[in-house]
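Peer 1: Sharing a structure with you now.
Every read-out reported here was derived from the displayed coordinates using simple, explicitly stated rules and does not represent laboratory data. What you are looking at is a predicted structure, and each value in this text was computed from that prediction instead of being measured. Here the Cβ is made from the backbone with ideal geometry for all residues, glycine too, and neighbour counts use every protein chain on show.
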């Protein structure tokens, strides 16, 4: 390895395949190899690790990393990361999401003092946790405090949406001079043809499929989408809802569909990666309560799908209401139902929106732009 290469260590909590993991993967595998040597410290041995290994990216398992707070395990993570830093000797430590950002930056602070190495610390906020609307006030306060401490321990903060940039200023998370807005970017994607995608995903062909790819967590608002379906089915009884993903809300969502008596119209699927199956859908719906700048909407755009989503996080920076999709209020099953019915009943509108969506994603959210701006932060004097 060229000794002039900067060594970049990415740190992330979970080895699943969500937006933050996709972001780390894209950076780790696409940074110029003549300028950077990359490695990833991550909790678990899931899809992210498997994909990185296929691309010959070194990974280090942080065995005690978990999303929930556990003081004993969190202290263990601190020392695990410190050992990884000493072994890899990074020039840049790039942390991702709240938990990793907090513990990894604290370990980096100690590492810098004990080794006297001028390590640069960069944190990407994939949506601020204190903006999660469903949390009680005291949790939001603690998360704002934690975010401020995390920001203080980093040299630069990357935000992926204007909403997060504004929130950093409004809530005094850190000085604006520390914050850089870099939208998520996406390159060319390969999609299965519609019939093949439906066969593999749905077990047969269907004339009207409403689909979503997302983690099955509270932040994604999937319960409101399921609650919207009885109204949709009254107008379009042939419609199917396909939820592709995984997560802790899995059983709760299945029970909800059974209680509503619509389990015959809902298909739960786990595919990773899921994006190749997007053309199985006629409409893509993302009913999020909290977001950063979701990759799934960028992928849906390249798959030429009309989109229904909410105004959470950076979504309005991707979807312009009435142009390349429809935006509805968060946590409103009735508004979701109305929007789905509007698109299901108007083939011309769907056609116009899907063409506009692809054009917008290609023009405004390129992976080249994301890489160039991130490299500028890594090399900034």
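Peer 1: Viscosity 1.567 mPa s, temperature 4 °C: give me the Stokes-Einstein translational D for region 335-381 in µm²/s, with Rh taken as the Kirkwood radius over C-alpha pairs. Spell out each step's value before the answer.
Peer 2: Details: Rh = 13.5 Å.
The diffusion coefficient I find is 96 µm²/s.
Peer 1: What percentages make up the Cα-Cα pair-distance distribution of region 187-263 when the bins are 5 Å wide from 0?
Peer 2: 3, 13, 23, 22, 20, 14, 4, 1, 0
Peer 1: Using Cβ contacts closer than 10 Å as the measure, can you line up 156, 295 from fewest to most? All intermediate terms of the calculation are to be shown ahead of the outcome.
Peer 2: Numbers: 156 20, 295 23.
Lowest count first: 156, 295.
Peer 1: Report D for region 194-364 in µm² per second (integer): Stokes-Einstein, Kirkwood Rh on Cα pairs, 4 °C, 1.567 mPa s. List each step's numbers first, then the result.
Peer 2: Numbers: Rh = 15.6 Å.
Here the translational diffusion coefficient equals 83 µm²/s.
Peer 1: For residue 260 paired with residue 75, estimate the spin-label separation in nm (one decimal), with each label point 7 Å from Cα along the Cα-to-Cβ line.
Peer 2: 4.6 nm
Peer 1: Among 229, 353, 152, which comes first, then next, by fewest other beta-carbon atoms within 10 Å?
Peer 2: On the way: 229 22, 353 25, 152 13.
Ordered from fewest to most neighbouring Cβ atoms within 10 Å, 229, 353, 152 come out as 152, 229, 353.
Peer 1: Sticking with this structure for a sec: Taking N as the number of residues in region 117-184, what is its alpha-carbon radius of gyration divided by 2.2 N^0.38 Å? Working shown, then result.
Peer 2: On the way: Rg = 12.0 Å, N = 68, 2.2 N^0.38 = 10.9 Å.
Output field value: 1.09.
Peer 1: Listing 11, 110 from the residue with the fewest other Cβ atoms within 10 Å to the one with the most, what is the order? Could you put the intermediate results ahead of the total?
Peer 2: Numbers: 11 33, 110 14.
Lowest count first: 110, 11.
Peer 1: In region 1-147, what is the volume of the convex hull around the alpha carbon atoms, normalised per residue and reported in Å³?
Peer 2: On the way: hull volume 15.9 nm³, N = 147.
Per residue, the Cα convex hull of region 1-147 comes to 108 Å³.
Peer 1: Using only DSSP helix segments of four residues or longer, with each worth -39500 (n - 2.57), what per-residue ellipticity at 222 nm results for the chain after dividing by its residue count and rounding to 500?
Peer 2: Computed ellipticity for the chain at 222 nm equals -14000 deg cm²/dmol.
Peer 1: Report Rg/Rh for region 242-323, rounded to two decimals, where Rg is the Cα radius of gyration and Rh the Kirkwood radius. The partial results should precede the final answer.
Peer 2: Details: Rg = 13.6 Å, Rh = 14.0 Å.
A ratio of 0.97.
Peer 1: Short version: what are the Cα gyration tensor semi-axes of the chain, square root of 5 times each eigenvalue, largest first, in whole Å? Kindly include the intermediate steps, with their values, before the conclusion.
Peer 2: On the way: eigenvalues 272, 92, 77 Å².
Working through the eigenvalues yields semi-axes of 37, 21, 20 Å.
Peer 1: Springs between alpha-carbon atoms under 10 Å, Gaussian network over the chain: tell me which of 278, 48, 195 tops the mean-square fluctuations.
Peer 2: For the chain, modelled as a Gaussian network with Cα springs under 10 Å, the answer is 195.
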